[in-house]
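Notes follow once the structure below has been shown.
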């Protein structure tokens with residue numbers, strides 16, 4: 001998986017150094033909002049938003065490293081807790097003449113949307129409008145990340161257009177921003193754009209695009225698999241790993257020997273490599289998995305999925321659980337299913353389609369491996385008359 005949030009393009013640092021001047025900002029948009037909120041009672045949520053955003057801008061104007069960027073992000077996330085207040089200030093900042101303040105406005109709207117569903121539609125509309133006129137790379141970098149957090153499908157054409165931006169850091173941001181607004185279509189514009197970005201000249205763009213396509217997108221097609229397969233020989237090691245894991249997540253057997261190589265790395269394997277091994281569940285991976293400490297993250301789950309004996313025992317227990325629950329509470333209409341792109345089995349109840357269901361492995365663990373007891377746990381969670389049909 002690619003690393004954490006990337007800093008903005010070089011243009012961002014230039015804009016922050018040469019922007020509106022000293023901490024606190026002196027643009028008309030920001031000053032106007034501060035004057036408005038100053039008239040409100042001290043300590044109101046709106047005033048807190050303005051103060052926190054002012055501190056964030058002060059921090060980012062002198063930012064020289066990731067710690068400073070972390071402080072900026074933390075302050076904006078605190079401000080975003082007040083959805084309406086953050087929305088008002090974010091919209092004001094989008095109209096600023098200062099690129100740093102427009103970028104902060106985007107970031108604030110993104111965090112506010114992520115935490116407050118009621119502001120998403122208006123925030124998305126404003127970000128779409130800004131994208132039509134914005135030219136500064138640092139603002140577009142923030143806009144791409146922010147519009148994903150609105151979870152609004154109007155974001156897709158914006159991200160598709162930004163995928164052709166000349167600044168590689170903007171393209172990287174775009175490559176990592178499709179997951180929250182995915183169309184779900186194997187030939188959708190988001191998937192086609194990600195496929196194109198997996199061939200980008202910049203290695204980190206390829207890395208991010210391959211991760212999003214391979215391990216976040218829940219779509220499959222010959223074109224997707226071809227794009228992932230093209231990356232298994234990538235000169236960038238991270239992009240190569242993402243291609244292998246993406247194929248394994250689609251249970252493509254070509255990934256098995258390549259996944260074994262990743263597991264055999266003397267430096268250890270990424271946690272998502274173990275998850276990929278669990279999804280594909282191939283016995284050929286067992287020797288490499290058994291070299292790891294059994295209590296390590298994801299190791300036990302991967303071993304259980306790849307060991308034919310353990311897998312047969314687990315499948316039998318899952319079937320026994322289903323039968324026991326059907327005897328105990330037939331009206332629940334229990335069924336067991338496997339997600340196409342995720343590991344493990346899920347127990348779902350037809351009588352309660354809105355329920356998230358149960359992870360079968362975790363449920364059996366709670367019951368000390370006893371299917372009858374596990375069925376009793378489910379039944380006790382669902383009040384009703386045992387044995388009576390719905």
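Let me confirm something: among 175, 223, 117, 219, which residue is surrounded by fewer than 24 Cβ atoms within 10 Å (Cβ to Cβ), modelled with pLDDT of 95 or more, within 18 Å of the chain's Cα centre (by Cα) and under 26 Å from residue 275 (Cα atoms)? I'd like the intermediate steps shown before the answer.
On the way: 175 fails: surrounded by fewer than 24 Cβ atoms within 10 Å (Cβ to Cβ); 223 fails: within 18 Å of the chain's Cα centre (by Cα); 117 fails: under 26 Å from residue 275 (Cα atoms).
So the residue among 175, 223, 117, 219 that is surrounded by fewer than 24 Cβ atoms within 10 Å (Cβ to Cβ), modelled with pLDDT of 95 or more, within 18 Å of the chain's Cα centre (by Cα) and under 26 Å from residue 275 (Cα atoms) is 219.
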Where residues in segment 323-343 are touching a strand residue (DSSP E or B) at 6+ places or on another chain (Cβ under 6 Å) and outside any helix (DSSP H, G or I), which of them is surrounded by the most Cβ atoms within 10 Å (Cβ to Cβ)? 334
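Identify, from the list 150, 183, 212, the residue that is buried (at least 24 other Cβ atoms within 10 Å of the Cβ) and within 19 Å of residue 250 (Cβ to Cβ).
Numbers: 150 fails: within 19 Å of residue 250 (Cβ to Cβ); 183 fails: buried (at least 24 other Cβ atoms within 10 Å of the Cβ).
Among 150, 183, 212, only 212 is buried (at least 24 other Cβ atoms within 10 Å of the Cβ) and within 19 Å of residue 250 (Cβ to Cβ).
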Breaking point among (1) in contact with a helix residue (DSSP H, G or I) (Cβ under 6 Å, 6 or more places away or on another chain); (2) under 30 Å from residue 191 (Cβ atoms); (3) free of Cβ contacts under 8 Å to residues at least 24 places away in the same chain, for residue 286: (2)
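Does residue 128 fit the bill of being in the same structural domain as residue 62 (by TED's automatic domain parsing) and either buried (at least 21 other Cβ atoms within 10 Å of the Cβ) or assigned to a helix (DSSP H, G or I) (or both)?
Working: in the same structural domain as residue 62 (by TED's automatic domain parsing): yes; either buried (at least 21 other Cβ atoms within 10 Å of the Cβ) or assigned to a helix (DSSP H, G or I) (or both): yes.
The answer is yes for residue 128.
The values are calculated or read from the model by the stated rules, or taken from the named source; none is laboratory data. If you're wondering where the values come from, they're calculated on a predicted model, not measured in any experiment. With ideal geometry, Cβ positions are generated from the backbone for all residues, glycine too; neighbour counts draw on all protein chains shown.
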